[in-house]
Amino acid sequence: MLLRRLRYWLESGKRAAALREEMELHIQEKAAELRDRGFSERDALAEARRRFGNFTFKQEESRDVWIMRWWSELCQDVRYGVRTLSSQPGFTFAAVLTLVLGIGVNAVFFNVYNSLAFAPWGIRDGASAVQVWAERGPGMWSGMSWPHFRYLRDNAQTFEGLAAFSGTPFRVYSGDASWDLETVTVNGNYFDVLGTGFTLGRGFTTTSDDERDRPAEAVLHYDTWRSRFGGDPGVIGRPLEIGGHRVEVVGVAAAGFDGGAPSKPAIWLPAAWHDVTHPGQSMTNADDCCRALIGRLKATASRQQAQAELNTLSAQFLSAASQKPQRILLTSASFLANPRRSTQFSTILLPIAVAFFLILLLACANVSNLQLARGSSRGREIAVRLALGAGRGRVLRQLMVESLLLSTLAGILSLVVSAAVPARIFDMAAGSPGTLTFRFENDIRVYAFVLLAVFAATLFSGLLPALQTVRTIDLNGLREGTRATARGWTRSILLAAQVALCAILLSGTMLLVRSLNNVRDANVGFDHRSLIVTSTGLETSGATQREAPGLIDELTAAVAALPGVETVAWASPIPLGEDFSDTDITNPSTNERIDAGVGAVSAGFFRALGVPLLAGRDFGPRDSTDSNLVIINEAMAQRLFPGENAVGKSLRSSRQLEVIGVVRNFTTMRFGSDEIPFLWKTASPGLGTTILIRYSGPVEPILHTLPGRARELDRRFLLSAAPYSETIAAAQGSSRRMAAVAGVLAGLCLLVACVGIYGVAAYNAAQRTREMGIRMAMGAQPRAVIVMVIRENLRTVIAGGMLGIVGAIGFGQLLTSWLYGVKPGDAFSIVTAMSILLATSVLAALIPARRCSRVDPAITLRQE
Amino acid sequence: MGRKAQKNDSLPGSLDMLILKTLSRGKLHGYAIVQNIQQSSGDELLIEEGSLYPALQRLELNGWIDGEWGLTSNNRRGRIYKITAKGRKQLIEETERYKQLTLAIARVMEMD
């Protein structure tokens with residue numbers, strides 16, 4: 001029945017023609033019969049038609065049998081709506097753009113959330129995989145040690161397979177090349193449990209799970225194979241070197257297989273390589289952390305059963321290993337499934353979700369205003385339709401269909417946005433593209449969400465104006481035009497709020513832009529020209545912390561011997577570098593306590609930077625590396641020892657410190673941090689130490705010879721050397737990104753507010769068309785009318801702007817750490833922001849105002 | 001737009017039954033069905049001819065009759081309808097119901 005109906009409907013055109021022919025035949029035959037009975041030719045046909053009844057009506061009624069009427073009417077409405085909307089491209093553009101904003105941000109957000117919370121990583125049948133978590137401390141859900149995992153794997157009956165893995169960036173040598181790759185050590189049946197097959201070769205065998213056995217095998221990620229080995233089909237059997245050991249490539253995983261870590265693996269090794277990639281950890285230590293666990297349950301086992309079983313087994317194992325008990329939890333395979341992460345993220349995600357929903361509401365409110373304005377100018381058209389017999393319900397539906405069309409178009413565009421934007425954002429946050437395994441694809445859940453958002457947007461943006469339009473317009477509309485309705489206070493308040501938000505974001509952007517300008521010509525307080533920054537690459541090389549001082553000393557000595565090099569020093573961290581720690585410092589004599597930045601440096605650090613000592617002395621080569629001697633900056637000296645000589649004074653931190661020197665203030669952590677108290681210790685260099693090189697002459701030869709020279713010393717060095725100006729540029733880059741983000745947000749907000757202002761202005765103008773006509777009939781100049789309309793709208797804008805200024809000052813305070821050389825309440829920024837806002841508002845109100853001024857007084861008077 | 005279906009048969013649904021009955025005697029096209037019904041009722045039943053077509057569509061959608069293009073008795077192209085097996089079953093059911101209904105009405109009217 002349903003199928004037949006569908007077929008009828010699909011063949012609707014053909015069927016209607018057949019029906020018509022059939023009915024026509026009927027009339028012909030009737031006429032023939034009537035002619036036989038003596039009717040004249042003409043009368044016969046007329047009589048036949050008369051007896052048949054209303055032809056068109058009967059045709060319609062017959063069609064109704066197979067096509068539901070509401071459906072055919074809906075099709076009419078859609079066609080009509082498309083025509084109406086395409087005849088008003090300006091309105092359509094503004095409305096769709098606004099809705100794209102509202103739906104788009106939510107779609108992007110949902111896509112991200114979806115990918116974190118639901119979408120499993122690139123593994124086979126991720127929906128049926130479960131992650132196993134152990135609670136190592138209250139609320140600290142993580143993986144477990146190798147022996148712990150092995151005990152569970154060997155004894156669990158509810159699992160079909162259980163895989164364990166653990167990843168870290170590590171040095172891989174191939175011939176002359178060496179890279180730091182995300183190296184993941186996995187147990188033997190990892191690929192059996194999760195894998196999607198191999199492009200080349202094979203995976204590991206289960207025998208590789210024995211800690212005494214370390215098969216010299218590696219499997220490459222498809223992307224690694226493409227990017228590092230040029231997709232060479234002969235890569236199988238290629239020798240690699242990892243942590244001083246040789247391994248052989250045995251396979252290339254199928255394209256798209258990412259294993260199960262948030263960081264994208266580049267190469268897989270058998271589990272026992274964990275001891276190499278994680279120096280200091282051991283396969284046999286039941287306390288080591290952590291292998292992540294993913295498994296698959298037997299078809300007969302439920303998740304509860306499996307969890308209960310693992311809890312029992314885990315308790316057995318931990319008590320035998322005399323460890324504290326750990327609860328076990330089974331979750332689905334996704335990033336947010338970890339309970340710790342989900343609580344962390346829900347505190348972040350929920351407010352964002354609420355904010356974005358408000359943006360959707362705001363966008364809808366603005367479109368609703370636009371619709372209202374349009375509805376009142378369309379009054380005549382609608383009145384005509386009503387007069388011709390259209391039901392109110394039908395007109396209402398027509399208007400709603402138009403809204404639905406707008407929202408649907410916006411929804412489709414939002415899907416495009418949500419497919420493109422999240423990956424970009426995450427790549428930007430991760431620093432380099434393609435390092436995370438999240439795939440932000442529009443899956444069925446995203447589609448469902450956008451569909452829901454489209455319906456919500458249709459209701460929020462369309463229902464109110466449609467109802468109001470249908471209600472206020474009656475048949476009198478034909479004669480009189482529309483009567484003004486009550487003043488919309490809600491509208492004004494909404495608009496003012498938008499303007500305020502805009503003002504805040506705009507002035508924030510201005511502040512950041514000003515700060516950027518200042519940063520560009522910033523004086524960092526040290527001489528960054530002729531200075532090279534070099535990272536050593538030791539952290540991922542497998543070298544131990546104990547080896548670090550020897551390696552660094554060797555390197556600095558070798559570098560100092562290079563031609564053109566004047567001074568070599570090391571520091572951890574370097575000024576304007578990334579990580580900084582701080583500590584509490586107390587002056588023991590006054591008990592004054594301050595928060596100060598801390599750095600570890602070598603002798604010659606200040607000389608390399610060109611920062612002068614104001615008092616005391618620099619670290620010497622003979623200062624014991626773990627001594628209590630510190631050098632402080634001027635800012636700290638003034639804070640703790642005002643008016644005194646700080647040299648020789650003692651300080652208290654976790655232990656007693658002695659000040660041996662004071663240096664002039666210079667930029668330490670970030671731009672504008674010159675005045676922040678800072679102290680430097682001299683400790684033994686760690687693996688993460690950065691080398692600073694002051695040189696004279698051209699920089700290229702040094703940059704060129706440096707990496708090779710270091711590798712000659714020890715191949716664990718993987719130097720990346722660059723002029724200090726690049727470090728400074730990178731530090732500026734973060735403020736630039738911040739300014740860009742604020743700028744984009746402000747721009748979007750301005751756009752939405754513009755639509756809002758335009759909508760309200762247009763609505764008010766349409767309401768007052770007659771009044772304006774009369775005014776002009778009485779002699780008002782068009783110019784005066786324009787000014788009047790704009791002035792009225794500006795009242796709301798200015799009220800919102802005032803509110804915005806207050807907010808802007810507060811927002812500036814939040815931005816303080818990003819600002820350099822600009823005060824949070826910077827008048828210039830606020831004034832500029834307000835001017836932009838005012839100018840835009842005037843422009844937005846100008847169009848409806850001009851329309852008002854073009855009202856022909858004669859027509860108005862005739863209508864009265 | 002406020003139009004109402006006009007039912008001119010005194011017993012709702014009886015048109016469907018009449019069409020099925022007529023077709024159970026042989027294949028016919030639309031016009032002939034009307035003629036047939038009128039003749040076999042001794043010209044007592046007058047059908048609004050236009051109403052036939054919605055009814056035919058309905059019957060066909062239900063799968064009770066089947067229409068095919070063919071030639072009418074006076075050699076014109078027309079849709080010839082025939083009753084299906086499902087339609088025959090339906091006819092028996094409707095006849096039964098109709099009998100009960102008329103009997104009941106007759107009782108009320110004390111015509112026994």
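The values are calculated or read from the model by the stated rules, or taken from the named source; none is laboratory data. Note that the structure is a prediction, hence the values are computed from the model and not measured. Note: ideal-geometry Cβ built from the backbone for every residue, glycine included; neighbour counts use all protein chains shown. Quick note on the areas: whole protein, heavy atoms, side chains included, nothing else; ligands and nucleic acids left out. Shrake-Rupley method; radii C 1.70, N 1.55, O 1.52, S 1.80 Å.
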> Can you name every residue in the range B:39-56 that is within 11 Å of another protein chain (Cβ to nearest Cβ) and either touching a strand residue (DSSP E or B) at 6+ places or on another chain (Cβ under 6 Å) or open to solvent by 10 Å² or more (accessible area, probe 1.4 Å) (or both)?
Replying inline: B:L46, B:I47, B:E48, B:S51
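When residues of the range A:498-534 are filtered for being basic (K, R) and over 32 Å from the mean Cα position of the chain (by Cα), how many remain?
Of the range A:498-534, the ones basic (K, R) are A:514, A:520, A:529.
With over 32 Å from the mean Cα position of the chain (by Cα) added as a condition, the list becomes A:529.
The total comes to 1.
Just to be sure I understand, how many residues within the range B:78-90 are open to solvent by 20 Å² or more (accessible area, probe 1.4 Å) and more than 9 Å from chain A (Cβ to nearest Cβ)? Can you show your working first?
First, the residues of the range B:78-90 that are open to solvent by 20 Å² or more (accessible area, probe 1.4 Å): B:79-80, B:82, B:84-86, B:88-90.
Okay, now just the ones that are also more than 9 Å from chain A (Cβ to nearest Cβ), so B:80, B:82, B:84-86, B:88-90.
Residues that pass the stated criteria total 8.
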> Within the range B:49-63, which residues are within 12 Å of the chain's Cα centre (by Cα) and either small (G, A, S) or under 13 Å from A:R51 (Cα atoms) (or both)?
Replying inline: B:E49, B:S51, B:L52, B:A55
> Can you tell me which residues in the range A:162-198 are open to solvent by 40 Å² or more (accessible area, probe 1.4 Å) and over 28 Å from A:G537 (Cα atoms)?
Replying inline: A:D192, A:T196, A:F198
>> I'd like to know if the range A:63-73 contains one or more residues that are open to solvent by 50 Å² or more (accessible area, probe 1.4 Å), closer than 21 Å to B:Q38 by Cα and within 12 Å of chain B (Cβ to nearest Cβ).
In response: no
>> Under 8 Å between Cβ atoms, which residue pairs at least 6 apart in sequence (or on different chains) link something in the range A:567-595 that is without any contact (Cβ under 8 Å) to a residue 60 or more places away in the chain and closer than 16 Å to A:I552 by Cα with a partner that is outside any loop (DSSP other than H, G, I, E, B) and among the β-branched types (V, I, T)?
In response: none
> Name the residues in the range A:1-21 that are open to solvent by 100 Å² or more (accessible area, probe 1.4 Å) and either assigned to a helix (DSSP H, G or I) or more than 11 Å from every other protein chain (Cβ to nearest Cβ) (or both), would you?
Replying inline: A:L2, A:L3, A:R7, A:L10, A:K14, A:R20
> Do you know which residues across the range A:562-581 are surrounded by fewer than 14 Cβ atoms within 10 Å (Cβ to Cβ) and out of contact with any helix residue (DSSP H, G or I) (no Cβ under 9 Å at 6 or more places or on another chain)?
Replying inline: A:D579, A:S581
>> Which residue is farthest from A:T540 (Cα to Cα), if the candidates are limited to the range A:250-271 and must be surrounded by fewer than 23 Cβ atoms within 10 Å (Cβ to Cβ) and touching a Leu at 6+ places or on another chain (Cβ under 7 Å)?
In response: A:P262
> What single numbered condition from (1) part of a helix (DSSP H, G or I); (2) open to solvent by less than 30 Å² (accessible area, probe 1.4 Å); (3) of a type outside the set (G, A, S) fails to hold for A:L846?
Replying inline: (2)
> Of all helices (runs of 4 or more DSSP H) completely enclosed by the range A:691-782, which ones contain at least 1 residues that are closer than 30 Å to A:L372 by Cα?
Replying inline: A:724-767, A:769-777
>> Condition first: within 8 Å of another protein chain (Cβ to nearest Cβ) and more than 24 Å from A:W9 (Cβ to Cβ). Now tell me which residues in the range B:57-77 satisfy that.
In response: B:T72, B:N74, B:R76, B:R77
> Which ones in the range A:283-332 are among the basic types (K, R) and farther than 28 Å from A:A127 by Cα?
Replying inline: A:K324
> Looking only at the range A:22-54, which residues are open to solvent by 60 Å² or more (accessible area, probe 1.4 Å), within 11 Å of chain B (Cβ to nearest Cβ) and not charged (D, E, K, R)?
Replying inline: A:Q28, A:N54
> In the set A:A383, A:A387, A:A410, which member is surrounded by fewer than 18 Cβ atoms within 10 Å (Cβ to Cβ) and farther than 27 Å from A:D288 by Cβ?
Replying inline: A:A387
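Enumerate the helices (runs of 4 or more DSSP H) found wholly within the range B:30-112, keeping only those where 3 or more residues are over 21 Å from A:E47 (Cβ atoms) and in contact with a Leu (Cβ under 7 Å, 6 or more places away or on another chain). Break it down into steps so the answer makes sense when it comes.
Working: elements: B:30-40, B:52-61, B:85-108.
The helices (runs of 4 or more DSSP H) meeting that bar are B:85-108.
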>> Please pick out the residue among A:F109, A:F118 that is within 24 Å of the chain's Cα centre (by Cα), surrounded by fewer than 24 Cβ atoms within 10 Å (Cβ to Cβ) and modelled with pLDDT of 90 or more.
In response: A:F109
>> The conditions are (1) more than 25 Å from A:S492 (Cβ to Cβ); (2) free of Cβ contacts under 8 Å to residues at least 24 places away in the same chain, and A:L815 fails exactly one of them. Which is it?
In response: (2)
>> For the range A:353-404, give me each residue that is within 14 Å of chain B (Cβ to nearest Cβ) and either in contact (Cβ under 8 Å) with a residue 24 or more places away in the chain or within 33 Å of the chain's Cα centre (by Cα) (or both).
In response: A:L386, A:A387, A:R392, A:R394, A:V395, A:R397, A:Q398
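Would you point out which residue out of A:V82, A:V78 is open to solvent by 50 Å² or more (accessible area, probe 1.4 Å), within 30 Å of A:A753 (Cβ to Cβ) and away from every other protein chain (no Cβ under 12 Å)?
On the way: A:V78 fails: within 30 Å of A:A753 (Cβ to Cβ).
From the options A:V82, A:V78, the qualifying one is A:V82.
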>> Scan the range A:657-679 and tell me whether some residue there is open to solvent by less than 70 Å² (accessible area, probe 1.4 Å) and of a type in the set (K, R).
In response: no
> Can you tell me which residues in the range A:302-322 are of a type outside the set (S, T, Y), surrounded by 16 or more Cβ atoms within 10 Å (Cβ to Cβ) and touching a residue at least 60 places away in the same chain (Cβ under 8 Å)?
Replying inline: A:A306, A:E309, A:L310, A:L313, A:F317, A:L318
